[in-house]
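Remarks on the structure that follows.
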Amino acid sequence: MGGKEFSRRDFLRGAGAVGLASGALGVFGTTGFAFADDAASPEEAASIYQTIIPGETTLLPLKKAECPGPRGPIAYEDREIAASEISSTEECDVLVVGAGIAGLTAALKAAEEGARVMCIEKMTKGRGCFECFGAYNAQAQKDAGVEVDPAQLLDEIYRSAYWRTRPEPARTYVFHSGEATDFWQQMLDKGENGFVITKVEQAPNTNGMPLIDSELGFYDSPSLPPDAGVRSGLSGIYVCREMAEVANQYDNLDIRYSTPAVQLTRDGSGRITGAVAKAGEEYVQINAAKGVILATGSYDANPEMMQAWVRPEDYATSSWWNPGWGTTGDGHMMGLKVGANMDSLPHPVMNFRWGNPDSFYDARVWTAIWLAINVNAKGMRYVNEDLPFQAVSNAQNAQPGFGANCWQIFDDGMLGASEEEIAGAKEAMDEFIEKGWAFSASTPRELAEKCGIDPDGLEETIGLWNGYWDSKKDMDFNRFMESTAPFAGQTIYALTTNSCILATGGGLMIDGSCRVLDTEDNVIEGLYAVGNVSGSFFAGNYPRHIPGTSIGRAVTFGFVAAEHAVKGA
């Protein structure tokens, strides 16, 4: 394949990729990237993630910050792979790149339609997903008597993106999510573990956000282990595993793990004809007669790409939730290399609150965190704590130091409603204090001095909070005070908090059939993008108040792309 080349000096200097070369590339030997002659001048672009986009571009004037997140294995290769390097060639109708929830859905749908399907995944076991998702008009919703207004759902998707997206992908999600969900259940019914999609009950919103009752999940599935619903995302891992087992029932579906796609192939007309992949140390060309579906996920496990394409405040002090570090932006790079258009920068990041320095806090402290007030290093509140996870996280990231030194403040009267819950919370807090994540004291001033908060600020804030509770009116952020509590206990706690990254939400621009668009807004024939490698849906922010649009669109777009690839328009 043709295209621009990048010098080793450029890449390593700009991306800080000494760790990349020794870490991510080590998984695939030295073939993660291939560089041209080391002759570029220092004035040339510093990072492959900034120079991959053809034509004139403007780099965003963002303050730099190191990305502390995981470093996964990069598969994409930016070099010409000679025909002599190809050890074998294989044929299929539909090639799916990635075995996460979007890729598995696409592979199963294409196989169900009778196509010869190959699904390749660079990791050893594929990936997982979060545990809940959104849909409209699915059978599970009909069975539960749920009626979702599709016009309201669409309007809120557009509104949340400030109308910086096109309507076609959103309409595809809304009006095909029901049949995609029903297909998902049909596939799960073929499994041995009895996974069942059911409605997830939502508490009434008290924060001014609209309540859209479109959330579905797997909490009623009898096969889940007892702790799967306790820590976010565990049930999604089991669901993906079940999907992969179901795939084994199809003679026309071949899923191969540890088989990374390194670049796309195309013919003289520009149509995508397949991909070059690696099997061990050998390259194999996979020809796909009906199309290639990119389902490679986001790029949250690629620190250099995060630094190039998202806001520094969205990662600088974050922790990560990621069940498999294969999300390194391979599909983004492969698409851009063949002329795809991409969402404008900066890309949105799915940031949730409840983050601890490792991942998410567990359920033992959920009540305390829910009743807590959130303060910064000055001891001042900065958000309505009842807002959706993403909004609270965004507000924290806007604090000094990209959200560093922020705390959840609560007392022993906020630990729980039962003796059992209180005991569990105290046990958790003892563990967190030992880890250095939490502090306790008998007064706000003593607590502030222990954890580095301004003592005067914290004393003032807690005094104001108790006054707001007495008057039942939060004059700072209009929090709904009927479901809060005053500071009246004997012990007061500070629990460190940060954003927790689940995924990035920007990707290759697509039409309503999930076909990738080029920079002239023309369809790149034979190429589809689904899940978090696809764009044209979010802009600037992940709208957590709309239930499960990330997993919902992944399943829906996988379903739609496969159907279009096999059947056409």
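The values are calculated or read from the model by the stated rules, or taken from the named source; none is laboratory data. Note that the structure is a prediction, hence the values are computed from the model and not measured. Here Cβ is always computed from backbone atoms with ideal geometry, including for glycine, and neighbour counts include all displayed protein chains. What goes into the accessible areas is simple: the full protein's heavy atoms, side chains included, and nothing from ligands, DNA or RNA. Shrake-Rupley method; radii C 1.70, N 1.55, O 1.52, S 1.80 Å.
Straight-line reach from Lys190: taking Cα to Cα under 19 Å and skipping same-chain neighbours fewer than 8 places apart, the lysines in range are Lys109. For segment 457-529, the Cα gyration tensor yields ellipsoid semi-axes of 52, 16, 11 Å (square root of five times each eigenvalue, largest first, whole Å).
Accessible surface area normalised per residue over segment 335-389 is 27 Å², counting heavy atoms of protein chains with a 1.4 Å rolling probe. DSSP beta bridges in the chain, what fraction antiparallel, as a percent rounded to 5? If I count the DSSP bridges inside the chain, around 60 percent turn out antiparallel. Restricting segment 165-259 to GluC sites (Glu not before Pro) that sit in a DSSP loop and have at most 15 other Cβ atoms within 10 Å of their own Cβ leaves Glu192, Glu201.
Taking 0.36 nm per residue of separation and subtracting the Cα-Cα distance, full extension of the segment from Glu482 to Arg159 would add 113.4 nm. Straight distance only, please: which lysines reach the Cα of Lys472 with their own Cα at less than 25 Å, same-chain residues fewer than 8 apart left out? Output for Lys472: Lys378. Set against the 2.2 N^0.38 Å expectation for a compact globular protein, segment 113-266 has a Cα radius of gyration ratio of 1.19. The calculated Kirkwood hydrodynamic radius for segment 195-271 is 16.7 Å, given to one decimal from all distinct C-alpha pairs. Taken over the alpha carbons of segment 162-242 as equal point scatterers, the Debye sum produces base-10 log I(q)/I(0) values at 0.15, 0.21, 0.24 Å⁻¹ of -0.72, -1.08, -1.18.
Rounded to the nearest angstrom and listed largest first, the equivalent-ellipsoid semi-axes of segment 262-369 from its Cα gyration tensor are 35, 17, 12. Rounded to the nearest 0.05, the FRET efficiency derived from the C-beta distance between Ala83 and Arg271 at R0 = 22 Å is 0.70. Based on DSSP H segments of at least four residues, each scored -39500 (n - 2.57), the chain has a per-residue ellipticity at 222 nm of -9000 deg cm²/dmol. In the calculated pair-distance distribution of segment 83-180, the portion above 19 angstrom amounts to 62 percent of the Cα-Cα pairs.
Put simply, the convex hull of the Cα atoms in segment 268-330 casts, on average, a shadow of 6.7 nm². Note on P(r) over Cα pairs in 20 Å bins from 0, in percent: of the candidates [x] 21, 52, 24, 2; [y] 19, 45, 24, 10, 2, 0; [z] 16, 36, 24, 15, 7, 1, 0, the value calculated from this structure sits at [x].
Assuming R0 = 25 Å, can you tell me the calculated FRET efficiency for the pair Glu168 and Leu211, based on Cβ-Cβ distance, to the nearest 0.05? Once rounded, the FRET efficiency stands at 0.45. Compared with the dominant principal axis of the Cα atoms in the chain, helix 234-247 is inclined by about 20°. For the chain, averaging the sequence separation of C-alpha pairs within contact (under 8 Å, six or more residues apart) and dividing by the residue count gives a relative contact order of 22 percent. The trypsin sites (Lys or Arg not before Pro) of segment 437-490 that meet both conditions, a loop assignment by DSSP and at most 12 other Cβ atoms within 10 Å of the site Cβ, are Lys472, Lys473. Relative to the longest principal axis of the Cα atoms of the chain, the long axis of helix 549-567 makes an angle of roughly 20 degrees. Pairs with C-alpha atoms separated by more than 27 Å, drawn from the list Lys122/Lys290; Lys426/Lys450; Lys125/Lys278; Lys435/Lys473, are Lys435/Lys473. Computed on the Cα trace of segment 508-569, the radius of gyration divided by the Kirkwood hydrodynamic radius gives Rg/Rh = 0.99. Counting only the Cα atoms, segment 325-469 fills a convex hull of 142 Å³ per residue. For segment 427-569, the per residue solvent-accessible surface stands at 36 Å², with DNA, RNA and ligands left out and a 1.4 Å probe. Overall, the accessible surface of the chain at a probe of 1.4 angstrom is composed of carbon and sulfur to the extent of 49 percent.
Taking every alpha-carbon pair within segment 357-414, the share separated by more than 17 Å comes to 38 percent.
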